[in-house]
1. Which residue out of 220, 264, 175 is assigned by the TED database to the domain that holds residue 32 and hydroxyl-bearing (Ser, Thr, Tyr)?
2. Give the number of residues within segment 207-228 that are closer than 12 Å to residue 197 by Cα and outside any helix (DSSP H, G or I).
3. Considering only segment 147-159, I want to know if a residue exists there that is within 12 Å of residue 118 (Cα to Cα), out of contact with any helix residue (DSSP H, G or I) (no Cβ under 7 Å at 6 or more places or on another chain) and assigned to a helix (DSSP H, G or I).
4. Sort out which residues of segment 86-118 are within 30 Å of residue 71 (Cβ to Cβ) and surrounded by fewer than 17 Cβ atoms within 10 Å (Cβ to Cβ), and write them in order of number.
5. Which of the residues spanning segment 48-85 are open to solvent by less than 50 Å² (accessible area, probe 1.4 Å) and not hydrophobic (A, V, I, L, M, F, W, C)?
6. Which members of segment 250-294 meet the condition of being free of Cβ contacts under 8 Å to residues at least 40 places away in the same chain, closer than 16 Å to residue 230 by Cβ and not in a helix (DSSP H, G or I)?
7. Kindly list the number of the only condition in (1) within 28 Å of the chain's Cα centre (by Cα); (2) closer than 20 Å to residue 193 by Cβ that fails for residue 138.
8. Report yes if some residue within segment 241-261 is surrounded by 14 or more Cβ atoms within 10 Å (Cβ to Cβ) and over 24 Å from residue 302 (Cβ atoms); otherwise report no.
Amino acid sequence: MSEAPKQTKKPVDDGNFDKEVISKWPDLELAQTRFMINHPEVDASVKEAKLTKLQEAIKENDMAPFYELVCAEFKIAADATQLSAMKAANAKRIAEITAEVEDAEKNLGESEVRQGLLRKFEYYCQIGDKENAQKAYTATYEKTVGMGYRIDLVFAMIRVGLFFLDHHLINKYITKAKDLMEQGGDWERKNRLRSYEALYRMSVRDFAGAADLFLEAVPTFGSYELMTYENLILYTVITTTFALDRPDLRTKVIRCNEVQEQLTGGGLNGTLIPVREYLESYYECHYDRFFIQLAALESERFKFDRYLSPHFNYYSRGMRQRAYEQFLTPYKTVRIDMMAKDFGVSRAFIDRELHRLIATGQLQCRIDAVNGVIEVNHRDSKNHLYKAVIKDGDILLNRIQKLARVINA
């Protein structure tokens, strides 16, 4: 993704980009490389290789602002000669584009002015200059008439937010993209927005919202500037196993042709084989295998993914809870040692896990330590709903009474 976008013939200014001319800047692969270099559990030799790769990309694309950022972040000395040369190249290119825009304003039309401003915006994205990219976005957006062009600009700003994991920026421009879609977005861009929003929702721990959007994106995915199709399948499986119940998981994932085609093929270099085994072991209730696959994904994938890394502990706890619920649901009582055997862990581990979940109200059961059994309390859903309505009704009446006293005072 570090290669410069291919030059194509000038498009008609109707707002309908073909996907080949969609800018891939900023390069999110560089953001992942930066994350890996910062990761405390990555081997020193791997970090060194990735740092070399990152520096090559920075030099190739004259990314002076990004170079200063990573040098400060990694606590390494910047190469003054290289930095000076990159800054000079940046200044020269910006001056050239500015001259083109000024010439277009005097001698050409609004379309040429907009294209010049767009080149400046994309150049700031390419060199990793977030602040100037936002300013250039504003100038370009004001000159943009076609709805498709405007949406593509907003997508680029979402990518800037994803590059720096600036959640405020991402959320702001996803909201903007939704507003524009309601005014006349086309089918392709609506599909792309699902991928953008799904990735953002997953990065802020909204796995349920991400799962629905990833499932919608799978059949018509085209946002390769965000992720590979294999990563889309990984994220889809990860979020859906966490968010969906068994019937929906069977219908939407297990029986989804697109998902199963990728999982059955195993992906490039077998990267999706552990994902397939994880999904199958969970759905088929092979809990000992499931725990092994969950631990493997956690240590090999989740920790080293910049979107999932902050949430891997939360995700792992949540999936263990779902597995315990799935195991206990058919029983009234079950022996602790039998449950420990099925999960391939020690009795002490199961005892400790269940104590934590029962104490926080996440599992509806109790432990009979004398007889060594777990007694499951199956919740009466109607009774629970009735109590919830009564409780909420009391709260509402109290608020109405307080409001009435304020109004009458």
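The values are calculated or read from the model by the stated rules, or taken from the named source; none is laboratory data. None of these values were measured; they are calculated from a predicted model. Note: ideal-geometry Cβ built from the backbone for every residue, glycine included; neighbour counts use all protein chains shown. Heads up: the accessible areas ignore ligands, DNA and RNA and are worked out on the full protein's heavy atoms, side chains in. Shrake-Rupley method; radii C 1.70, N 1.55, O 1.52, S 1.80 Å.
1. Working: 220 fails: assigned by the TED database to the domain that holds residue 32; 264 fails: assigned by the TED database to the domain that holds residue 32.
Sole residue among the options that is assigned by the TED database to the domain that holds residue 32 and hydroxyl-bearing (Ser, Thr, Tyr): 175.
2. The qualifying residues number 2.
3. The answer is yes, given that some residue of segment 147-159 is within 12 Å of residue 118 (Cα to Cα), out of contact with any helix residue (DSSP H, G or I) (no Cβ under 7 Å at 6 or more places or on another chain) and assigned to a helix (DSSP H, G or I).
4. Those that are within 30 Å of residue 71 (Cβ to Cβ) and surrounded by fewer than 17 Cβ atoms within 10 Å (Cβ to Cβ): 87, 88, 89, 91, 92, 93, 95, 96, 98.
5. Residues satisfying the conditions are 61, 62, 65, 67, 82.
6. Listed by number, the residues that qualify are 266, 267.
7. Among (1) within 28 Å of the chain's Cα centre (by Cα); (2) closer than 20 Å to residue 193 by Cβ, the lone unmet condition for residue 138 is (2).
8. No, there is no match, as no residue in segment 241-261 is surrounded by 14 or more Cβ atoms within 10 Å (Cβ to Cβ) and over 24 Å from residue 302 (Cβ atoms).
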